[in-house]
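Below is one structure, written out as structure tokens, with a few remarks after it.
Quick note: the coordinates plus some simple rules give every number you see, no bench work behind them. Treat the numbers as computed from the prediction; the structure is a model and nothing was measured. Cβ placement follows ideal geometry from the backbone for every residue including glycine, while neighbour counts extend to all protein chains displayed.
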Amino acid sequence: MTAGNGAATPRGTSAIPQQRRILGVLVFSQILGGAGLADGITVGALLAEEMLGTTGLAGLPSALFTAGSALGAFALGRLCRRWGRRPGLALGYAAGALGSLGVVMATVVGSAPLLFFGLFVYGAGTATNLMARYAGADLASPARRGRAVSTVLFATTLGAVAGPNLVTITGELAHSWGIPRLAGPFLLAAVAFAAASAVLAALLRPDPLRLAEKLARTQAPGKADVTTPGAARRPLGREQRRAIVRGTTVMVLTQLVMIALMTMTPVHMQAHGQDTQAIGLVIALHVAAMFLPSPLTGLLVDRFGPRWIAAASGPLLLAAGVLAALAPPHSVPALAIALVLLGLGWNFGLISGTTLVTAPLPPARRAPVQGLVDIGISIAGATGGMSSGLIVALDGFPALALVGGILALAVVPVAMGSARRPPRAGSTARAATRTTAERA
């Protein structure tokens, strides 16, 4: 079977024996990477508030590691295009481990500049965690692309849920070593990211992107040029560009809203007397909702099409914002439900948006374009993280939640405009007549 973009693809993932092994390795690495990702989310804002002494800058860590994620996404896209998925993803996780150690050292010596630099480099790990979803789709057929993406995202759940619940344990361990308690989760992040890097470097063979390019050459010889270096510079068609722009917009909007609300929830809870255990529980449930529904979401995307699932993310995020704004500050269950809806809306937007972006791309164009797309996602996250602290400092947490929920509704018109309108019968006939006349 040959996809519309010129790259040959099988009818199902089972048609390529290596796909099962590749997904298995990605699942294992994502479990480890998920723990590192969630740890920084849980205590990053609290750590900044403690070191800087102000709530207004509590969103700075989220902004820094999402800005680092933007640079990481750009670098990963270029590395994967040049060397393949395996070295690109392995180096990304290794950089995340170094950034995590930098954060720990910053808390020990009390250096804010080192903290900022460590958080920025830590962002490479978060970029890698998201970029891995594309590797799962490299060898998937169009009919199973949503499920392939969702399988990789789902694997993040185990580590991402376990990480926040280890905040107290890792904090006590760090304290026993003379390190501030809030730096403890970053110790775990360093170990988790380093382990994920080692797994990918050793086991992600064959490289899925390289194999996809080889299959495109052998199964579609008439279009073999789609995998050559020159193909990476060839302009995309109008419909390809439209699908990429709409898929990117969906992911950017959902990321902006999710990061803004998630970043300030721990600060909001702590300000109203909640301890780190309760905060960790709420964030764990949120992260679980970000990744746990992925198999169902992927199935829905493949069954009904990505635009409908993308459109559904808007109302889910609106409901999350309204509930978070109205929830009593001392009510852990209400905030947990709001954060679960927030994670689910993000999940819908990411998987559907990823499918929209990946579908029209031939193998030679995937890594660079996907890297650029994830730069936009990371910039949106940085904007949401940085602005969230300022909004809360000026107008309070409920205002942030409501603004985010209303903004999320913009996803609906963007998503519903993503379907290509079929030509009317009359216009098709007229076009055929013109073509025949021109040939005559």
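Some points to look at:
- Extents of region 13-419, taken as max minus min of Cα coordinates on every principal axis and listed largest first, are 65, 44, 32 Å.
- Extension gain for residue 275-residue 238 works out to 8.1 nm (0.36 nm per residue, less the C-alpha to C-alpha distance).
- Think of region 13-419 as a dipole: +1 on every Lys or Arg Cβ, -1 on every Asp or Glu Cβ, centred on the Cα centre; then among 211, 286, 308, 211 lies furthest on the positive end.
- Stretch gain in nm, segment residue 296-residue 176, where the contour uses 0.36 nm per residue and the Cα spacing is subtracted: 38.9 nm
- Farthest positive-ward along region 13-419 dipole, Cα basis, beta-carbon charges - from 336, 250, 116: 250
- Since only 93, 35, 384 are under comparison, the one whose Cα sits farthest along the positive direction of the charge dipole of region 13-419, derived from C-beta charges on Lys, Arg, Asp and Glu, is 93.
- Each Lys and Arg adds +1 at its Cβ and each Asp and Glu adds -1 at its Cβ; summed about the Cα centre, region 272-404 shows a dipole of about 420 debye.
- Residues listed by number, region 177-210, amide nitrogen under 17 Å from residue 98 label point at 7 Å toward C-beta: 190-198, 201
- FRET efficiency, residue 326 to residue 416 (Cβ-Cβ, R0 25 Å, nearest 0.05): 0.35
- In nm, spacing of pseudo-spin labels at residue 143 and residue 395 (7 Å Cα→C-beta vector): 4.9
- Computed E for residue 303/residue 111 - FRET, C-beta separation, R0 56 angstrom, nearest 0.05: 0.60
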